[in-house]
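The values are calculated or read from the model by the stated rules, or taken from the named source; none is laboratory data. Bear in mind that the values here come from a model prediction, so they are computed numbers and not experimental data. As a convention, Cβ positions derive from the backbone with ideal geometry for all residues, glycine included, and neighbour counts pool all protein chains shown. Just the protein is used for accessible areas: all its heavy atoms, side chains included, with ligands, DNA and RNA removed. Shrake-Rupley method; radii C 1.70, N 1.55, O 1.52, S 1.80 Å.
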Amino acid sequence: VQLQASGGGLVQAGGSLRPSCAASGRTLSSYGMGWFRRAPGKEREFAAAVSWSGETAYYADSVRGRFTISRDSAKNAVYLQMNNLKPEDTAAYYCAADPPPWGNLRREDEYDYWGQGTQVTVSS
């Protein structure tokens, strides 16, 4: 599976962005999907994840209520709607895919496939 993340950018605090993650080489329908982020000078951390069925979503406390993860089987893609962005959300955002059998989607080491990062910068 090859993952391509896009849709980052520069936005003012309070604004919105919707990064997307498109897959090629295989359908994502049986994969758990996640978004992680790495801020400057910090380790990569979990942001959001969605089960293979799309029925269950998981969020880091820092983004819950502002970010929404979703998936579109027809487009073989996953999205991260980010609202009310804050300067502390500035980071490179990475999408990742977890093949079955699925485990803890909050764990970085659960994922086998990673896309390149897309940069999100939030100005104050």
Count the net charge of all other residues whose Cβ sits under 13 Å from the Cβ of G103, scoring Lys and Arg as +1 and Asp and Glu as -1. -3
Residue (of A5, V78, G34) at the positive-pole extreme of the range 1-93, dipole from beta-carbon charges: A5
For the range 48-108, just the Cα set please: Rg and Dmax, both in angstrom. 12.1, 36
Kindly write out, for the range 112-118 in residue order, the coupling ³J(HN,Hα) from the Karplus curve 6.51 cos²θ - 1.76 cosθ + 1.60 (θ = phi - 60°), rounded to whole Hz, with x marking Gly and Pro. 9, 10, 9, x, 6, x, 10
Pop the C-beta distance of N84 and D109 into the FRET formula with R0 = 30 Å and round what comes out to the nearest 0.05. 0.50
Considering only protein heavy atoms, what per residue accessible area in square angstrom results for the chain with a 1.4 angstrom probe? 50 Å²
Cβ under 14 Å from M82's Cβ, M82 left aside: what net charge do those residues give with Lys, Arg +1 and Asp, Glu -1? +3
Suppose every K and R has +1 on its Cβ and every D and E has -1 on its Cβ; what is the size of the dipole of the range 1-85 about the Cα centre, in Debye to the nearest 20? 140 debye
For L105, other-chain or 5+-apart residues with amide H closer than 5 Å (H placed, Pro excluded) are none
Of all DSSP beta bridges with both partners in the chain, the antiparallel percent, nearest 5, is 90 percent
Per-residue HN-Hα couplings for the range 11-23, Karplus 6.51 cos²θ - 1.76 cosθ + 1.60 at θ = phi - 60°, whole Hz, x for Gly and Pro? 9, 7, 3, x, x, 10, 9, 9, x, 10, 9, 9, 10
